[in-house]
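The values are calculated or read from the model by the stated rules, or taken from the named source; none is laboratory data. Every value quoted in this text rests on a predicted model; they were computed, and no experiment measured them. Cβ sites come from the backbone with ideal geometry, for glycine too, and all protein chains shown count toward neighbours.
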Amino acid sequence: MFFDSHAHYDDAAYDNDRAELIDMMKKNGVDKIINVGSDMRSSIRSIELAQKYDFIYAAVGIHPHNIQDMTEENIKLLQKYCNCYKVVAVGEIGLDYHYENIDRDAQKYWFKRQLDICAQTGRPVIIHSRNAAADSFEILKNSGVHKGVIHAFSGSPEMAKQYISLGFYIGVGGVSTYKNAKKLVETIKQIPLEKILIETDAPYLTPEPYRGQRNNSQNLRLIVERIGEIKQIPPEFVANISYENTEILFL
């Protein structure tokens, strides 16, 4: 059985067949899913999905791409949402320096303010960090929040080990199957399986051989097989340990 630690079934990519797809999950080995917010609307939709399906849980938060109109009222609402049934994390939040059109100081401010929610509620955090490794690590180190996962990790083994030393897990998804993922492959080799969570980021980051198509949690099988191949252990062992890791962190 698989536990998808990061998916977005509120996304418009599923508008035509969301219910049918979700209903197929348990029949195909997907036992639990965390649906992750990226703005206020998707955070609310994540809660709605969690309350509709017994095997879906919710995370609430504002992605760094979506902080332009963020206010302190949003912070109050997100903190309130953390008290809702089956909300298990704050996320995804963090820093993204890939594009130049989102002010970095504003990203840092709202990242810190959302980490304050974690500190106040005790919820773990789901971190988005893209081309911002040094700042993300420094903010987390100083935040006092040392319970969470680095989503879609793409850094070096050394950086992964630093995050693990703070108490974080490393999120591994479809990128691990890509030919150009040499750094991630080396990271998977070097870090303990007990610190890895599996994720799809559905509908994004679809693993090979389906790269470019819409992703869904049934593709966790391919990620587990890839991790098993890299670490030279049975995929069933990867599935079991990653499932336990996700339950320990979020449930």
* If you take the residues of the stretch 42-59 that are of a type outside the set (D, E, K, R) and assigned to a loop (DSSP other than H, G, I, E, B), which of them is farthest from ARG18 (Cα to Cα)? -> PHE55
* Are any of the residues in the stretch 185-205 part of a helix (DSSP H, G or I), surrounded by fewer than 24 Cβ atoms within 10 Å (Cβ to Cβ), touching a Pro at 6+ places or on another chain (Cβ under 7 Å) and at pLDDT 95 or above? -> yes
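Taking the stretch 7-43 as the search range and keeping residues that are among the polar types (S, T, N, Q) and over 19 Å from the mean Cα position of the chain (by Cα), which one is nearest to ALA239 (Cα to Cα)? Reasoning before the result, please.
If we filter the stretch 7-43 for residues that are among the polar types (S, T, N, Q), which is where we start, we get 16, 28, 35, 38, 42-43.
Checking which are over 19 Å from the mean Cα position of the chain (by Cα) leaves us with 16, 28.
On the way: ASN16: 30, ASN28: 14 Å.
Step by step, filter the stretch 7-43, then rank; the result is ASN28.
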* To do: State whether the residues of the stretch 16-30 include one that is in a strand (DSSP E or B), in contact with a helix residue (DSSP H, G or I) (Cβ under 8 Å, 6 or more places away or on another chain) and crowded, with 22+ Cβ neighbours inside 10 Å.
  => yes
* Selection within the stretch 79-98 - in contact with a helix residue (DSSP H, G or I) (Cβ under 8 Å, 6 or more places away or on another chain) and either under 23 Å from GLY171 (Cα atoms) or charged (D, E, K, R) (or both) -> CYS82, LYS86, VAL87, VAL88, ALA89, VAL90, ILE93, GLY94, LEU95, ASP96, TYR97
* Out of (1) of a type in the set (Ser, Thr, Tyr); (2) without any contact (Cβ under 8 Å) to a residue 60 or more places away in the chain; (3) buried (at least 24 other Cβ atoms within 10 Å of the Cβ); (4) closer than 25 Å to GLU244 by Cβ, what's the single condition that is false for TYR53? -> (3)
* Asked: Of the conditions (1) in contact with a Cys (Cβ under 8 Å, 6 or more places away or on another chain); (2) under 30 Å from ASP15 (Cβ atoms), THR121 fails just one. Which one is it?
  -> (2)
* To do: Considering each residue of the stretch 152-198, count those that are under 16 Å from ARG130 (Cβ atoms) and of a type in the set (D, E, K, R), and give that number.
  => 1
* To do: Give the stretch 175-225 a look and list any residue that's touching a residue at least 12 places away in the same chain (Cβ under 8 Å), of a type in the set (S, T, N, Q) and more than 25 Å from SER46 (Cα to Cα), or say none.
  => SER176, THR177, THR187, GLN190
* Structure fact -> Within the stretch 209-251, residues being more than 17 Å from the chain's Cα centre (by Cα), of a type in the set (D, E, K, R) and farther than 29 Å from ASP15 by Cα number 5
